[in-house]
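Each remark here refers to the structure printed beneath this line.
The values are calculated or read from the model by the stated rules, or taken from the named source; none is laboratory data. Keep in mind it's a predicted model, so treat the numbers as computed, not measured. Virtual Cβ from ideal backbone geometry, glycine too; neighbours counted across all protein chains shown. Calculation scope for accessible area: heavy atoms of the full protein, side chains included, ligands and nucleic acids excluded. Shrake-Rupley method; radii C 1.70, N 1.55, O 1.52, S 1.80 Å.
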Amino acid sequence: MTQGAAARLYTPELLGLAVELADYPLDAGFPWQGEAVSRTCGSTLAIGFDRAADGTVARLGMRVSACAVGQAAAAIFAREGVGSDETAIVEAGRAVEAWLAGGTPPAWPGIELLGPARAHAARHGAILLPWRAAANALSKPARRD
């Protein structure tokens, strides 16, 4: 990646998102937990949730080991994840995947900040991590420790 391409990809807005992850610590006590790994870059994301009585996400936390693009994607997910239900998260993940393949932007607020990464296929796996980990967590029965 050239220095100019890196500057267009790693914008101050994208880099600034990584600090937001401190607001979403992963709690070992979350009853719904899941993980995802990017096959292209090895980035990982673990996520946990508490759910409200209506099934929506009441609280979430993450542990992210990813490049700045993956961290930004996780922060964008976290901003809107609370209040979403499993169906909305799974559908949004599919929409993000279609967008990365050249489709229209999904209706997930903030996703446009990841727009420059669409041209970098090696970053797509990191972008998809939060939606994949969330789908994995929410599809499991609650942990009863």
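If you filter region 94-113 down to residues that are within 11 Å of ALA73 (Cβ to Cβ) and part of a helix (DSSP H, G or I), you find that the one that is most open to solvent (accessible area, probe 1.4 Å) is LEU113.
Quick check on GLY48: is it in a strand (DSSP E or B), modelled with pLDDT of 95 or more and buried (at least 21 other Cβ atoms within 10 Å of the Cβ)? Against the criterion (in a strand (DSSP E or B), modelled with pLDDT of 95 or more and buried (at least 21 other Cβ atoms within 10 Å of the Cβ)), GLY48 qualifies. Please tell me if VAL90 is over 22 Å from PRO31 (Cβ atoms), of a type in the set (Val, Ile, Thr) and at pLDDT 95 or above. No, not satisfied. The residues listed here are VAL57, VAL64, VAL37; of these, the one that is under 18 Å from ALA121 (Cβ atoms) and either open to solvent by less than 20 Å² (accessible area, probe 1.4 Å) or at pLDDT 95 or above (or both) is VAL37. Scanning region 51-83 for residues that are more than 21 Å from LEU100 (Cα to Cα), of a type outside the set (Asp, Glu) and not in a strand (DSSP E or B) yields a total of 6.
Take PRO116 and decide whether it is surrounded by 14 or more Cβ atoms within 10 Å (Cβ to Cβ), assigned to a loop (DSSP other than H, G, I, E, B) and either over 10 Å from the mean Cα position of the chain (by Cα) or of a type in the set (S, T, N, Q) (or both). No: the conditions fail for PRO116. Among the residues of region 125-144, those identified as more than 11 Å from the chain's Cα centre (by Cα) and either open to solvent by less than 60 Å² (accessible area, probe 1.4 Å) or modelled with pLDDT of 95 or more (or both) are ASN136, ALA137, LEU138, ALA142. Of the residues SER38, SER65, SER84, the single one that is in contact (Cβ under 8 Å) with a residue 60 or more places away in the chain and over 10 Å from PRO130 (Cβ atoms) is SER38.
Within region 12-45, the set of residues being part of a strand (DSSP E or B) and not aromatic (Phe, Trp, Tyr) comprises PRO25, GLN33, GLY34, GLU35, ALA36, VAL37, THR44, LEU45. The residues of region 8-30 that are open to solvent by 50 Å² or more (accessible area, probe 1.4 Å), charged (D, E, K, R) and closer than 30 Å to ARG51 by Cβ, listed by number, are ASP23, ASP27.
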